[in-house]
Amino acid sequence: MSIQLNHTIVHSRDNRESAEFLAHILDLPVGTEWGPFVPVELSNGVTLDFASIPPESIVPQHYAFLVSEEDFDGIFRRIQDKGVTFYADPHQKHPGEINHNDGGRGVYFIDPVGHAMEAITRPYGGGAS
């Protein structure tokens with residue numbers, strides 16, 4: 001049996017706002033609301049199910065997306081067009097920069113509730129080819 005991640009719940013103040021924010025940046029559709037969830041399905045079938053919870057209960061998490069070089073170009077353009085602050089690092093010490101770890105490109109940006117989102121073109125430890 002193959003084990004795969006199917007879905008995860010992403011806490012938000014406003015599930016629709018957060019789902020639409022990420023879907024716009026990643027150029028993905030927002031799915032149909034299902035119960036308390038607004039889903040965004042990734043190309044590998046994993047669904048991020050955005051759920052509204054009280055703001056004081058939200059603990060910022062980190063979500064990393066492995067993308068193609070072409071997709072990165074679009075993601076980075078949409079981040080800039082939307083005026084979203086971006087960073088080269090998870091500690092937000094290098095604003096306005098991207099990284100080139102493992103011979104690829106990477107960028108961090110923060111969603112409406114403080115989750116650290118990351119787009120990378122090479123998995124960590126993948127090295128340059």
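The values are calculated or read from the model by the stated rules, or taken from the named source; none is laboratory data. Source: prediction; values computed, not measured. Neighbour counts are summed over all protein chains in view; Cβ atoms, including those assigned to glycine, are modelled from backbone coordinates with ideal geometry. Side chains are part of the model used for accessible areas, which takes the heavy atoms of the whole protein and leaves out ligands, DNA and RNA. Shrake-Rupley method; radii C 1.70, N 1.55, O 1.52, S 1.80 Å.
Give me a count of the residues in segment 1-45 that are farther than 17 Å from ILE75 by Cβ and in contact (Cβ under 8 Å) with a residue 24 or more places away in the chain. Let's see the steps before the verdict.
The first filter runs over segment 1-45 and keeps only residues farther than 17 Å from ILE75 by Cβ, leaving 1-17, 31-39, 45.
If we keep only those that are in contact (Cβ under 8 Å) with a residue 24 or more places away in the chain too, we end up with 4-17, 37, 39, 45.
Count: 17.
For GLU56, work out the one condition from (1) surrounded by 14 or more Cβ atoms within 10 Å (Cβ to Cβ); (2) out of contact with any helix residue (DSSP H, G or I) (no Cβ under 7 Å at 6 or more places or on another chain); (3) part of a helix (DSSP H, G or I) it doesn't fulfil.
(1)
Which of the residues belonging to segment 105-126 are of a type in the set (Gly, Ala, Ser) and either more than 20 Å from LEU48 (Cα to Cα) or not in a strand (DSSP E or B) (or both)?
Pass one, segment 105-126, residues of a type in the set (Gly, Ala, Ser): 106, 114, 116, 119, 125-126.
GLY106, GLY114, GLY125, GLY126 - these are the residues of segment 105-126 that are of a type in the set (Gly, Ala, Ser) and either more than 20 Å from LEU48 (Cα to Cα) or not in a strand (DSSP E or B) (or both).
For segment 77-116, name all the residues that are open to solvent by less than 70 Å² (accessible area, probe 1.4 Å), closer than 18 Å to GLU20 by Cα, touching a His at 6+ places or on another chain (Cβ under 8 Å) and of a type outside the set (A, V, I, L, M, F, W, C).
ARG78, HIS115
Could you list all residues from segment 1-33 that are open to solvent by 70 Å² or more (accessible area, probe 1.4 Å) and of a type in the set (A, V, I, L, M, F, W, C)? Before the answer, list the steps.
The first filter runs over segment 1-33 and keeps only residues open to solvent by 70 Å² or more (accessible area, probe 1.4 Å), leaving 1-7, 9, 11, 13, 16-17, 20, 24, 27, 29, 32-33.
Of everything in segment 1-33, those that are open to solvent by 70 Å² or more (accessible area, probe 1.4 Å) and of a type in the set (A, V, I, L, M, F, W, C) turn out to be MET1, ILE3, LEU5, ILE9.
Is there any pair with a first residue in segment 82-98 that is at positive phi and part of a loop (DSSP other than H, G, I, E, B) and a second that is modelled with pLDDT of 95 or more and surrounded by 13 or more Cβ atoms within 10 Å (Cβ to Cβ) whose Cβ atoms are under 9 Å apart and which are 6 or more apart or on different chains, and what are they?
GLN92/TYR108; GLN92/ILE110; GLN92/ALA116; GLY96/PHE86; GLY96/TYR87; GLY96/ALA88
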